[in-house]
Protein chains: 2
Amino acid sequence: MPEIAIVLVEPLYEGNVGFTARVMKNFGFERLILVDPCPLGDDAAARASHARDVLENARICSLEEVYRESDFVVATTGEVSRSVCTPMRMPYYEPAEVREMVREIDGTVAVLFGRENWGLANAELKRSNVICTIPTSEKYPILNLSHAVGIVCYELAGLPRGTYRLASPLEMESLYRRIDAFLDAIDHPDFKRENTMILIRRILGRTMLTSREVSTLHGLLRRTEWHIEKKKKK
Amino acid sequence: MPEIAIVLVEPLYEGNVGFTARVMKNFGFERLILVDPCPLGDDAAARASHARDVLENARICSLEEVYRESDFVVATTGEVSRSVCTPMRMPYYEPAEVREMVREIDGTVAVLFGRENWGLANAELKRSNVICTIPTSEKYPILNLSHAVGIVCYELAGLPRGTYRLASPLEMESLYRRIDAFLDAIDHPDFKRENTMILIRRILGRTMLTSREVSTLHGLLRRTEWHIEKKKKK
């Protein structure tokens, strides 16, 4: 993965700058660049919360420097013309597409976010390598700045969820055999058996059981069989 | 797609409720349910911005009612144990996985978000159908409430980016033929030709050119050839 810098161009509200620092750190990004920002005070620090370090280490520089020092520049915009034949004439990409584009870059990628009231100027957009847009509802397409940064960081991070072990095919087969035996125990009719087992396999197949859940089901079946046996003996 | 309701359980800060309304509407969701919320005043309304309608139409009810009236309940949590054998014992899913899970549901899906300070209680998590977690950095995993809602809404909406037409294979072939002819015009040596054309196809192949971009390249080649011709004539 490249070094990713989040660049806020002339942000107007310090709260948004603080929230931006926070959500960046939430997804593992720490390089914040501010181009001609509003004054930053207590509100920014409060909203940055435990990402105050990101805020304090933010670099203030010109957009010129950002372009000069970045290997690849992604400009974000909320106002994408539906056709690429209109003014901008640049194709645009979703955050997930941008992730695929930049993931192999060995260098610096700057992601630009524009002013809260009018975004990035056309001249700023044109100098970037690609334009990124977050698909939104037509009824209210204007995202808060920090929400937009959050979604882009979430996609660029592509962090793994962490994993858990599903029950193995062997464990599942043993469960199905147990259920089949259980159907014997409750005198389930032979002529229905195949279809019932297909249904049970279909249901449990999509349930993505963990090993522990499988062993709990085994336990329940065992306990039920035991009760049936007890009754028979009486 | 099912009807999706965003449920904030005992939110503490009205600003977060307002931002939640806004980001919901940004992604086309309008059903907001509040369980025992903090008082909502000017700050909530200001942050809701053009989603004040979502805020004003928010339904206030008990979690009991939410469970009773929902066909499927997704509980979100930031604190997922890495193993499913620990207390919760429930497997968890990423927002994108939850989208796939619920997309065919013909009914109501409620997505619960917990309190800003301690999330959802275990008892609340356990009654839900699935647990959803947003993968975050271990260094600072706690998302602001409205940022979490934004990312889940973004994924659940799965809105199309809108499309633009790439140049067709026919247009691309015609461009490659033109480039090949151009290489003739600049006396590009035959023995290098095949490798050069492979390289050009490789570069332009991944560039995802639009029709307009292809015709601009044609134009540039035409103009260059014209200049070469002119010089030859002199």
Within region B:18-48, residues assigned to a helix (DSSP H, G or I), among the charged types (D, E, K, R) and over 18 Å from B:I151 (Cβ atoms) come out as B:D42, B:D43
Go through the residues of region A:188-206 one by one and say whether even a single one is over 34 Å from the mean Cα position of the chain (by Cα) and not in a helix (DSSP H, G or I).
-> yes
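Rundown of residues vs (1) more than 22 Å from the chain's Cα centre (by Cα); (2) closer than 21 Å to B:V66 by Cα, yes/no style:
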{"position": "B:N117", "(1), (2)": "yes, no"}
{"position": "B:A123", "(1), (2)": "yes, yes"}
{"position": "B:R127", "(1), (2)": "yes, yes"}
{"position": "B:N144", "(1), (2)": "no, no"}
{"position": "B:L175", "(1), (2)": "yes, no"}
May I ask you to verify whether B:Y140 is over 19 Å from the mean Cα position of the chain (by Cα) and crowded, with 18+ Cβ neighbours inside 10 Å?
-> yes
Pair list, Cβ under 7 Å, 6 or more apart: region B:8-24 residue closer than 16 Å to A:S137 by Cα and without any contact (Cβ under 8 Å) to a residue 60 or more places away in the chain, other residue among the β-branched types (V, I, T) and not in a helix (DSSP H, G or I) | none
Looking at A:T210, A:T216, which one is at negative phi, out of contact with any Pro (no Cβ under 9 Å at 6 or more places or on another chain) and modelled with pLDDT under 85?
-> A:T216
Among the residues of region A:155-188, write down those that are under 30 Å from A:L112 (Cα atoms) and touching a Pro at 6+ places or on another chain (Cβ under 8 Å).
-> A:E155, A:L156, A:A157, A:L159, A:P160, A:R161, A:G162
Please state which of the following conditions B:C38 fails to meet, knowing it meets all the rest: (1) farther than 23 Å from B:A157 by Cα; (2) in contact with a His (Cβ under 6 Å, 6 or more places away or on another chain).
-> (2)
Taking into account only those residues within region A:207-227 that are surrounded by 13 or more Cβ atoms within 10 Å (Cβ to Cβ) and away from every other protein chain (no Cβ under 14 Å), which is farthest from the chain's Cα centre (by Cα)?
-> A:E225
A:A167 being among the small types (G, A, S) and within 30 Å of A:N195 (Cβ to Cβ) | yes
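If I ask for residues that are hydrophobic (A, V, I, L, M, F, W, C) and in contact with an Asp or Glu (Cβ under 7 Å, 6 or more places away or on another chain), which ones from region B:29-79 would you list?
B:V35, B:C38, B:L40, B:A44, B:V54, B:L63, B:A75, listed by residue number.
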Can you run down the residue pairs with Cβ atoms below 7 Å, 6 or more apart or on separate chains, where the first is in region A:40-53 and within 17 Å of B:P141 (Cα to Cα) and the partner is basic (K, R) and exposed (fewer than 14 other Cβ atoms within 10 Å of the Cβ)?
-> none
Which residues, counting only those in region B:40-72, are under 24 Å from the mean Cα position of the chain (by Cα) and buried (at least 21 other Cβ atoms within 10 Å of the Cβ)?
-> B:R47, B:A48, B:A51, B:V54, B:L55
Answer yes if at least one residue in region B:4-13 is assigned to a helix (DSSP H, G or I), modelled with pLDDT of 95 or more and over 18 Å from B:L159 (Cβ atoms), and no otherwise.
-> no
So which pairs qualify, if the first residue must be in region A:125-148 and more than 16 Å from A:V98 (Cβ to Cβ) and facing another protein chain (nearest Cβ under 8 Å), the second must be in a helix (DSSP H, G or I) and among the aromatic types (F, W, Y), the Cβ gap must be under 7 Å, and the two must be at least 6 apart or on different chains?
-> A:N144/B:F19; A:S146/A:F19
Identify the single condition in (1) modelled with pLDDT of 85 or more; (2) under 27 Å from A:E97 (Cα atoms); (3) more than 14 Å from every other protein chain (Cβ to nearest Cβ) that B:N195 does not satisfy, given that it satisfies every other one.
-> (2)
So, in region B:25-39, of the ones that are without any contact (Cβ under 8 Å) to a residue 40 or more places away in the chain and closer than 16 Å to A:I142 by Cα, which residue ends up farthest from the other protein chains (Cβ to nearest Cβ)?
-> B:E30
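The values are calculated or read from the model by the stated rules, or taken from the named source; none is laboratory data. Keep in mind that what you see is a predicted model, and the values were worked out from it rather than measured. Glycine gets a Cβ as well: all are built from the backbone with ideal geometry, and neighbour counts include every protein chain shown.
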